[in-house]
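The values are calculated or read from the model by the stated rules, or taken from the named source; none is laboratory data. Values in this document were obtained by computation on a predicted structure and should not be read as measured data. Here the Cβ positions follow ideal geometry from the backbone for every residue, glycine too, while neighbour counts run over all protein chains shown. Areas reflect the complete protein model, heavy atoms only, side chains present, ligands, DNA and RNA absent. Shrake-Rupley method; radii C 1.70, N 1.55, O 1.52, S 1.80 Å.
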Amino acid sequence: MKLATWNVNSLKVRLPQVLEWLSIAEPDFVGLQELKLDQDKFPLDAIQAAGYQAVWLGQKTYNGVAILSKIPAQDVVLNIPGDDDPQKRLIAATFDTPLGPFRFVNVYCPNGQSLDSEKYPYKLAWFDRLTKWLSDELKTYSNLAIVGDYNIAPADEDVHDPKRWKDQVLVSEPEREAFRRLLGLGLTDSFRQFDQPEKSFSWWDYRLNAYKRNAGLRIDHVLLSKPLADRCHGCVVDRAPRENEQPSDHAPVVATITV
DNA sequence: ATGTCAGTCAACGACTGA
C-alpha cells in the first residue's frame, strides 16, 4: 500500500504532471496540497479517468487540499472540526483496507512567512488546534497516517544550509517544538525510519537555481501511527516530477506499507 | 537584498503569497 503527499502548487497548471505521475507511481492514497482552485473547479473527470476517486476542499487562489484514492472515501472531514478558519487546509477520510479502517489525514500547514509576521503566531496556533484534534482521532483510529506540507524542517539535517536558515521561518525552534508535539501523540516520521541519502529534501525554491544546487528543505512528511509504522518498509522523496518542465516547487514523498 | 513562479484584478503590468 503506497501513501503519498505532494504539494502541486496549482492543480490547474500541474494536472498533466499529476496524471502522468499517478500512472507511473501508482500510489493507493495521495494527499495533494495547494490546489489553488475553487471547489467547483476541481478536475474530477480527469482524475477519475486516471482510475482514482477524489474528495477535496477547494479555495480560490490559495490553499486547497484533496485526497485521491483507488477506493471510496468515508467519514470525510473538512478542516479542523470546530474551527471557523476560512483557510482550506485539512481534509481527512477513512478507507476500508485489508488492515481494517484506515484514517488518512492530509494537511497544508500554514507557512508563517517570517517570525515577525502575524502569520507566524497563526501558524503555531493552527498546529495547536491540529494536535488537539489529532489526539482524539488517534483514540478512534489505530491505523492513521497524516501526510502533507508541514512547512517545517524538523532538524538541521533537513536543511541544506542550517547556518543560513538558523531561526528562520520553517526552521525556528517554536515550529520544531510544534512538530515534536505532533510526534509526541505517538506518530513516526516515516522518512527517518530508514537510512536516507544525506541532503534529502522535498522542496526547493524556484529562485536562484535552488534545485540544481540542491538548496532545499525537507518540509513534506508522512507521519504514521505505531501499527502503520511497524508495517512501513520504505519512504522516499520522488524527485522525478521536480525535474519536469514547469514543475511544482515540491516533490512527492511516498511511503510503502505492507498489507 | 534578491529572485521565480502562480493567481488575481483588471486590463498586460501591478500586486500578493510562497
Practice task
Kindly provide the helix-only [θ] at 222 nm of chain A, computed as the sum of -39,500 (n - 2.57) over DSSP H runs of four or more divided by all residues, to the nearest 500 deg cm²/dmol?
Solution key: -7500 deg cm²/dmol
Completion exercise
Checked segment A:1-85 against the a/c 1.5 cut and the a/b vs b/c comparison, axes a ≥ b ≥ c from its Cα gyration tensor; verdict oblate
Completion exercise
The distance between the Cα centres of segment A:60-74 and segment A:172-208, in whole Å, is 23 Å
Exercise for the section: Starting from the Kirkwood radius over alpha-carbon pairs of segment A:2-257, derive D by Stokes-Einstein at 25 °C in a medium of 0.890 mPa s and give it in µm² s⁻¹. Expected result: 135 µm²/s
Practice task
Output the peptides A:141-150, A:224-233 sorted from most to least packed, where packing is the average of other Cβ atoms within 10 Å over each peptide's residues.
Solution key: A:141-150, A:224-233
Practice task
For the pairs A:Lys70/A:Lys132; A:Lys36/A:Lys139; A:Lys12/A:Lys60; A:Lys36/A:Lys199; A:Lys2/A:Lys41, note any where the Cα-Cα span goes beyond 21 Å.
Solution key: A:Lys70/A:Lys132; A:Lys36/A:Lys139; A:Lys36/A:Lys199; A:Lys2/A:Lys41
Exercise for the section: Leaving ligands, DNA and RNA out of it, report the carbon-plus-sulfur percent of the accessible area of segment A:2-257 at a 1.4 Å probe. Expected result: 50 percent
Fill in the blank from the handout: Here FRET efficiency (C-beta to C-beta, A:Arg207 to A:Arg231, R₀ 41 Å, nearest 0.05) is 0.55
Problem - Net dipole in debye of segment A:2-257 [+1 Lys, Arg Cβ; -1 Asp, Glu Cβ; about Cα centre; nearest 20] - result: 180 debye
Handout entry: Dipole axis of chain A (+1 Lys, Arg; -1 Asp, Glu on Cβ), positive-most option in A:Pro101, A:Gly234, A:Leu208
Key = A:Leu208
Handout entry: Inter-site label distance for A:Lys12 and A:Lys70 at 7 Å from Cα along Cβ, in nm
Key = 3.2 nm
Handout entry: Which of A:Val65, A:Gln48, A:Ala155, positive extreme of dipole for segment A:48-159 (C-beta unit charges)
Key = A:Gln48
Exercise for the section: At 7 Å along the Cα-to-beta-carbon direction for both A:Asp116 and A:Val259, put a label point, then send me their distance in nm to one decimal. Expected result: 5.1 nm
Handout entry: Those aspartates and glutamates that a straight Cα-Cα span of less than 15 Å connects to A:Lys88, excepting residues fewer than 8 apart in one chain
Key = A:Glu34, A:Asp38, A:Asp40, A:Asp149
